[in-house]
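These notes concern the structure reproduced below.
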Amino acid sequence: MYKYKTENEEQTQLVANQIANKLKPNDVLTLDGDLGAGKTTFTKGLAKGLGVKRTVNSPTYTIVKEYKGQLPFYHMDVYRLEDSDEDIGFDDYFNAEGVTVIEWSSFIRDFIPVERLEIVIEKIDEQTREITLIPHGEHFKELCKGIQL
Ligand code: ADP
Ligand code: MG
């Protein structure tokens, strides 16, 4: 488990950016934390690190948005799937040779692969966030080493 305290959006994205540089096809990252914690901000940092040129916004009307970078980038926000057992074809995304990031992953717990990078963001105060990285599997354990603010 790795913890980072960030004091602004840029620092949060700096952590995300370092992760992005080490991602491989079919990697899955989960992002959990309250509304306004910084999940989408973190996702923007990942996207930049993956060379996505388009602006990444919260997928409000769709569950998944697809972007093109060095790897395909799938940004999911499954908030609206709370209390639903609906499978929108999650495995197809996870195995599509891209990188998948899932905001509010706790709402689709049954569909989340064991091997993943679990990211939890906690709001400490207006500007301060605590980012916790919990790697599941060897690849993500290796990936987390050396990430620093
Ligand atoms: P979520 O997707 O978790 O609902 P967002 O990323 O959309 O959260 O929003 C986070 C908000 O918190 C943004 O308005 C951002 O500017 C603000 N913020 C303040 N400090 C930080 C920080 N250290 N890291 C990330 N976001 C921060
Ligand atoms: Mg969000």
In segment 1-33, which residues are among the acidic types (Asp, Glu) and over 16 Å from ILE102 (Cβ atoms)? GLU7, GLU9, GLU10
Restricting to segment 45-68, name every residue that is in contact with a helix residue (DSSP H, G or I) (Cβ under 7 Å, 6 or more places away or on another chain) and within 22 Å of GLY146 (Cβ to Cβ). GLY45, LEU46, LYS48, GLY49, LEU50
Name the pairs whose Cβ atoms lie under 8 Å apart, with the first residue in segment 8-22 and within 15 Å of ILE121 (Cα to Cα), the second outside any helix (DSSP H, G or I) and open to solvent by 80 Å² or more (accessible area, probe 1.4 Å), and 6 or more positions between them or separate chains? ASN8/GLN127; GLN11/LEU149; LEU14/LEU149; VAL15/LEU149
Mind checking whether some residue in segment 36-47 is farther than 23 Å from GLU130 by Cβ and either outside any loop (DSSP other than H, G, I, E, B) or within 15 Å of the chain's Cα centre (by Cα) (or both)? no
Output the residue which, of all residues in segment 23-59 that are over 19 Å from PHE90 (Cβ atoms) and loosely packed, with under 13 Cβ neighbours inside 10 Å, is farthest from ligand 2 (Cβ to nearest atom). LYS53
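The values are calculated or read from the model by the stated rules, or taken from the named source; none is laboratory data. Small disclaimer: the values here were computed from a predicted structure and weren't measured. Cβ atoms come from the backbone with ideal geometry, glycine included; neighbour counts cover every protein chain shown. Only protein heavy atoms, including side chains, enter the accessible area calculation; ligands, DNA and RNA are left aside. Shrake-Rupley method; radii C 1.70, N 1.55, O 1.52, S 1.80 Å.
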